[in-house]
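Please read the structure below before turning to the comments.
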C-alpha cells in the first residue's frame, strides 16, 4: 500500500506514488539549483519539467499511477545535471566554473553536514538514542541507550533529559532527513539508493511478518543490519 | 588521456551544428528534435538539449513561438533566425574543411588495413 499525490507537472496532471514524488522532487530540486545562476533559468527548468511530463506519459502508457520505477526511468533518460555538463559546450563549461565560484561547488548538493534527528526506523522508545548515535557516528545506538538507562537509575535527570530531547528533536521523516541524520551529502544518486534500500527493507519486513507473526522483535534487528552496513564500512576505511 | 573525454569533445562541436540544421529545416518542437537526435545517438541524455536551446535563443540564432497542442499544454516551436542561418553556413563550411582534413590524414591508415 502506498499513499498517492496529485501533482501538476509542466501543465499535465499526474497521480504519483508518495515515494516516487519524493524522488522526483529531489531530482527537480537539483536541476533548479544547478541552473539557478544561468541566464535562462526559468526557461530551462520549465522546459525540462514539461519534457519530464511527456516522458511520464510515454512511460505510463495508459496506466494511471506514476510509480518510483517510472520516475527512475525518466530521470535515466533525462540525465542528471552532472551528466549535462559532460555533454554541453565549451561555453557551458566556463559558465559552470563561474557558478561553482559563486556557490563554492555546492550547486548540485543542496544540503551538507549532519543534522540531529530522531530515527523512527531504529527506535526503542522515541528514536532519540539512535538519532544521537547517528549524529556522533557511534556504530551501535545500544551504547547511547545504556548511558540513558544509567541516567534513569541514578536519579530522574536521565528521564527528564530523554523526555525533553524527545520533544525538541524533530523526527527524520523524509529520505532527505535520514541522509542528513547520517551526515551523507544528498544528491540524486544516493537519494535513489536510500529509497531503494527502503523498498528492500520493507519487502523483507513484510516477508518476515508473514512467516512468523509472533516474533516481532526480529524485524527491527534485521533492519538495523541493513542500514548500518555502509556506516560500518566507512569506519573501517 | 581518456577516450571518452575526447569523444565527448568531438560530439560537443557537432551537436550545435546538428541542432541548428534540424531547426533550419522547418519549425520544430524540442521533443521532435530529440527523436531525430536519438537515432543518431548524438544526445545521450535529453536534458543536455534544453540549456543549449535556451543559449542559442539568447544568442539570437533561434527563436520560438507558442502553439496550441491537441494533447496537452501549448508547445514551444523553434525556428532559425536569419542570423542563425548564416551561423549555420559558417559551421557547415568549417565542417566540410574538417571532413576533408580528416579524410586526408587518415587516408593511408584506412588503405593499409
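The values are calculated or read from the model by the stated rules, or taken from the named source; none is laboratory data. Predicted, not measured: the structure shown is a model, and the values here were computed from it. All Cβ positions, even for glycine, are placed from backbone atoms using ideal geometry, and neighbour counts span all protein chains on display.
Details
- The C-beta contact set for the range B:71-86 (first residue away from every other protein chain (no Cβ under 14 Å) and part of a strand (DSSP E or B), second residue surrounded by 15 or more Cβ atoms within 10 Å (Cβ to Cβ) and modelled with pLDDT of 95 or more, distance under 9 angstrom, 6+ apart or interchain) is empty.
- Failed item in (1) within 30 Å of residue A:10 (Cα to Cα); (2) within 13 Å of chain A (Cβ to nearest Cβ); (3) part of a helix (DSSP H, G or I); (4) in contact (Cβ under 8 Å) with a residue 24 or more places away in the chain, with residue B:32 passing the rest: (4)
- Matching residues, the range A:70-91, being within 15 Å of residue A:45 (Cα to Cα), at the interface with chain B (Cβ under 9 Å from one of its Cβ atoms) and either outside any helix (DSSP H, G or I) or modelled with pLDDT of 85 or more (or both): A:78, A:79, A:80
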